[in-house]
Amino acid sequence: MVSLLWLVPTLPLLGAALLGLLAPGPRVSAVIGAGSVGASAIIASAIGISWLNHVPPGHVFVQNLWCWISLPGFSAKISLYLDPISLLMMLVITIVGFFIHLFSTEYMAGEDGYSRYFAYLNLFVASMLLLVLADDLLVMFVGWEGVGVCSYLLVGFWFQESANGYAAQKSFVVTRIADIAMLAGLLLLAVKFGTLSIQPLLAYAAAAWPHGGVWPETAAALLLIGGLGKSAQAPLHTWLPDAMAGPTPVSALIHAATMVTAGVYLVVRTHVLFLLAPVVMEAIAIGAAATLLIAAFAGLVQTDIKRVLAYSTMSQIGYMFLALGAGAWSAALFHFLTHAVFKALLFLSAGAITMRLHHEQNIFAMGGLRTKLPVAFWGFLIGSASLAALPLISAGFFSKEMVLGAAWNLSPALWAAGILGAVLTAIYIFRAVFVVFLGPAHSEISGAYGVRIVLPLAVLAAAALTIGWLETPWFLGGHAMLSEMLAPAVGDSGERGVSAIVPLAGIAAPFLGIAIAYLLYRRGYWHAQAARAPGFLAGALRSAFGFDALYDLLLVQPFLACVRALRHDPVDMFAVALEKLALTLHRRLRGSQNGRIRRYAAWLMAGSVATIAILVFG
Amino acid sequence: MTAVFFVAAVITLITTALAITRANPVHGLLNFVLSLLSMAVIFFTLGAPFAAALEVMVYAGAVVVLFLFVVMMLSLDTRAARREREWMVKTVWVLPIVLVAVLGGVLARVMFFSPGDDSAPTVITPQEVGAHLFSGGIGAVELASMLLLAGLIGAFHMGRK
Amino acid sequence: MISWQMPAGLAIALFLMGLLGLLARRSLVFVLMSIEIMLNAAGLLFIAAGMRWHTADGQIMFIFVLNLAGAELALGLIFLLRLRARLTTLDGDAANLLRDA
């Protein structure tokens, strides 16, 4: 069974090729598009079940596909590496991906470029699977770039609007800058060790490099920058809110559940290297805390429902990085799992709302949708509960508890940031819930939901409620099924006992947040804040503390100034000067061709006289 | 002998100077003829009677006569004469004189710094010339006749309407 | 007693006069005549050389110079006539169609 692993990334790739080359009609596109990912999901699930029944030796399965590069100093093979980490990621990508594809078949019905959409989406799934299943960092980089390209293509899907094109460019350029750093890191590792095959590389690194030495710090820092860019963490986070210009299922799949977690996956996969770089680990933790707070504050003042969710994604991935900074790899992966589920649920619910409201995305233009759109309401509510980590009923609670526990063990200050973030999370998401679903209706509703909309929402909602029980904390039974599965790959997750403050605060925080959100809602504060022009604080928060403006000032304006200065191609001026010189000389010399024979005779004579004089006197 | 030489030299110089400064081409040519005739005298004093004869017969008698025929054919009128005079302004002589002076200086230097031979001039008779010409210089004679042939054919071709 | 330098100096003077006429005169008749003066002067120089070296070679060269002058003049005069027929003037400066614009 597990030898069918190669089919998992190949089927979506084939789907993408077929859709891209043939561009069939809507029905066929839907079947190929959703079907290829569905087939991958089935095979992946089968592999998962067979894994649980009969774990391969060493908890690793490698499937070699072919040899790519074979040079004296370096070699790379394309092979698929299945261990608990990549198994988990693969299951999430294919299963959640399948439901999102199913949702898309109805959401995107009637759009131009239907087959193009599914081609890109399939290509994305194939690239993401290649990324997580790669046995070699170079192959992973191929997948990394592939998802970046697909993100660009999908964010700019409605390219007829130039704003969408710019948003796509922005996402691509920012992640590209990060990718350059990552490539530098990969080159460093390749040069030092002659291979980028992950397991041998990590073994060499652990043997050759000292803990806290310059090389591991540098390599880890470079790889981290790449991960930060892809995962939209500060300071490379500015692209994610604008990437909401793409279709909502795209936001669900790429910018919530999968691509933005690639950075988390990278760190977990190469955690041996990161363990050698304590400075980088500290930086990860601090940066993560900063990001989650920045994003949470920004989410408080957004008016576009998708932007609220985008900042929420940024914030939650900050939690994952916080866990990584604390060395709690299993916690990070658990939070990834629950986040994928509830964030996809939230985005799909938001999509379900907007598709009935003529694509109105301003939450203050919505209202009273609790009774009008019950499916969307329950989906969004369950997703919000999970996001806010409501105790026991939501999956988010369990994973966030694990992350906060790891943060406490690292540093109480970071834990405090995490708890503050949790309160803010509850505030902003329930602000959105109350504004959208309660109160009087401001917009009219059209259309109806088909089963392809309702089914994914239902499945994801069920998962968002139950999946948390995979890993219960010590005070609820301590059944650490996920950690046990992941342990062989990540080492001991270091589950230590924490003081009682942590779970108590963790239970109280969401309630506190919901209460604050509700009170302010009742007082009409949210509506009033949205209605008046944003003051300095609100403006700063809305733009997530002005990183865009900062980058514009520091990077874009100098670049444009250089472009303007070099517009007339000063380097070319040298060649142009030569040309002008030649022409000037030509014009001067032309004057001597005046056709007058006396002049010619005179010059001839002068030349002859000069020659004779030289011969005589020289 | 020397006196004859000097007189003839003076006449040559004067008539040549006149020849190049006349407005009327016929006048110029007639002066040229005179200079050629006095040149023949000079040849004679230098012990080259054959060259002197040739100078008169060929140069003065054929070349310049040909020149005169053509000039007559041009039938230049008073307008042409006036134009000639207009063209001969003083300023036009300046630069040529400079150039000529430079060349003159160079040639003079060459001449005065070469060793001389003060032996008496011997007369080279036509017989000697002929003997030399048809023994050692026969190749050059053939080439010269070919040159004349080329000139003949060219003149014939170019002159046809 | 005439040393060779006197006829040589005379030849030089005549040559220079011919050159002067060539450069300064605008009418083509005088240009051709000046060429003849120069050739004649060259011939005189050859004769002077023959006198100096006591050989017949000077006169032989003079014969060839004469030869050359004759052939060249024939063609030159034909050119003169053709030019006159085309441009209706003997002005050397009028024949400037080979100029660069």
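The values are calculated or read from the model by the stated rules, or taken from the named source; none is laboratory data. From a predicted model like this one, the values you see are computed outputs, not experimental measurements. Ideal geometry is used to build each Cβ from the backbone, glycine not excepted, and the neighbour counts take in all protein chains shown. Note: areas computed on protein heavy atoms with side chains; ligands, DNA, RNA excluded. Shrake-Rupley method; radii C 1.70, N 1.55, O 1.52, S 1.80 Å.
Note on exposure: B:Thr125, B:Thr45 ranked by accessible area (1.4 Å probe, complete protein assembly) read B:Thr125, B:Thr45, with the most exposed listed first.
Taking Cα pairs under 8 Å and at least six residues apart, what relative contact order does chain A come out at, in percent?
Normalised by residue count, the contact order of chain A is 12 percent.
A DSSP coil position with no more than 14 other Cβ atoms inside 10 Å describes none of the trypsin sites (Lys or Arg not before Pro) in the stretch A:300-385.
Each residue was assigned an accessible area with a 1.4 Å probe, and for A:Ile49 the value is about 100 Å².
Other residues with beta-carbon under 13 Å from the beta-carbon of B:Leu148 carry, at +1 per Lys or Arg and -1 per Asp or Glu, a net charge of -2. For the stretch A:567-578, backbone phi angles converted through the Karplus equation (6.51, -1.76, 1.60; θ = phi - 60°) give residue-by-residue couplings of 4, 8, 6, x, 5, 6, 4, 4, 5, 5, 4, 4 Hz, Gly and Pro being listed as x. Between B:Met57 and B:Ser145, the simple label model (points 7 Å from Cα in the Cβ direction) yields a spacing of 1.7 nm. Using the Cβ atoms and a cut-off under 13 Å, what net charge is assigned to the surroundings of A:Leu222, where Lys and Arg are +1 and Asp and Glu are -1? Counting the neighbours of A:Leu222, the net charge comes to -1.
State which entries of A:Lys372/A:Lys400; A:Lys77/A:Lys192; A:Lys306/A:Lys400; A:Lys192/A:Lys400 exceed 27 angstrom in Cα-Cα distance in the structure shown. Correct reply: A:Lys372/A:Lys400; A:Lys192/A:Lys400. Divide the volume of the convex hull around the Cα atoms of chain A by the residue count and you get 245 Å³ per residue.
Largest first, the three principal axis extents of the alpha carbons in the stretch A:171-328 are 52, 25, 20 Å in whole numbers.
With θ taken as phi - 60° and the Karplus curve 6.51 cos²θ - 1.76 cosθ + 1.60 applied, the whole-hertz 3J(HN,Hα) list for the stretch B:2-18 is 5, 4, 4, 4, 5, 4, 4, 4, 4, 4, 4, 4, 5, 5, 5, 4, 4 Hz, x standing for glycine and proline.
Overall, the ratio between the Cα radius of gyration of the stretch B:86-139 and 2.2 N^0.38 Å, rounded to two decimals, is 2.06. Once you divide the Cα radius of gyration of the stretch A:32-185 by 2.2 N^0.38 Å, the number left is 1.18.
Near the amide H of A:Ser231, within less than 5 Å, lie the amide hydrogens of A:Gly263, all on another chain or at least 5 residues away, with H placed in the peptide plane. When peptides A:89-101, A:251-263, A:555-567, A:418-430 are ranked by their average number of other Cβ atoms within 10 Å per residue, the highest-first order is A:251-263, A:89-101, A:418-430, A:555-567. Residues whose amide H lies under 5 Å from that of A:Trp68, counting only those 5 or more places away or on a different chain, are A:Ala76, A:Lys77, A:Ile78; hydrogens are built 1.01 Å from N in the peptide plane. Taking 10 °C and 1.306 mPa s as conditions, the stretch A:568-617 diffuses translationally at an estimated 115 µm²/s according to Stokes-Einstein applied to its Kirkwood radius (Cα pairs).
Legend: translational diffusion of chain B by Stokes-Einstein, Rh = Kirkwood radius over C-alpha pairs, 25 °C, 0.890 mPa s; D = 126 µm²/s.
Averaged per residue, chain A has 40 square angstrom of accessible surface, using a 1.4 angstrom probe with ligands and nucleic acids left out. The H on the amide N of A:Val62, modeled in the peptide plane, is under 5 Å from the matching H of A:Leu82, each at least 5 residues off or on a different chain. What the phi angles of the stretch A:335-348 give under the Karplus curve with 6.51, -1.76 and 1.60, with θ = phi - 60°, is a coupling list of 5, 4, 4, 5, 4, 4, 5, 6, 6, 4, 4, 4, 5, 5 Hz, glycine and proline written as x. Over chain C, the hull volume per residue, using the convex hull of the C-alpha atoms, is 104 Å³. Taking the convex hull of the alpha carbon positions in the stretch A:328-533 and averaging its projected area over all directions gives 12.6 nm². Please express the Cα-Cα pair-distance distribution P(r) of the stretch A:1-120 as a list of whole percents, one per 10 Å bin, running from 0 to the bin with the greatest distance. The distribution over the stretch A:1-120 is 13, 36, 28, 18, 5, 0, given as percents.
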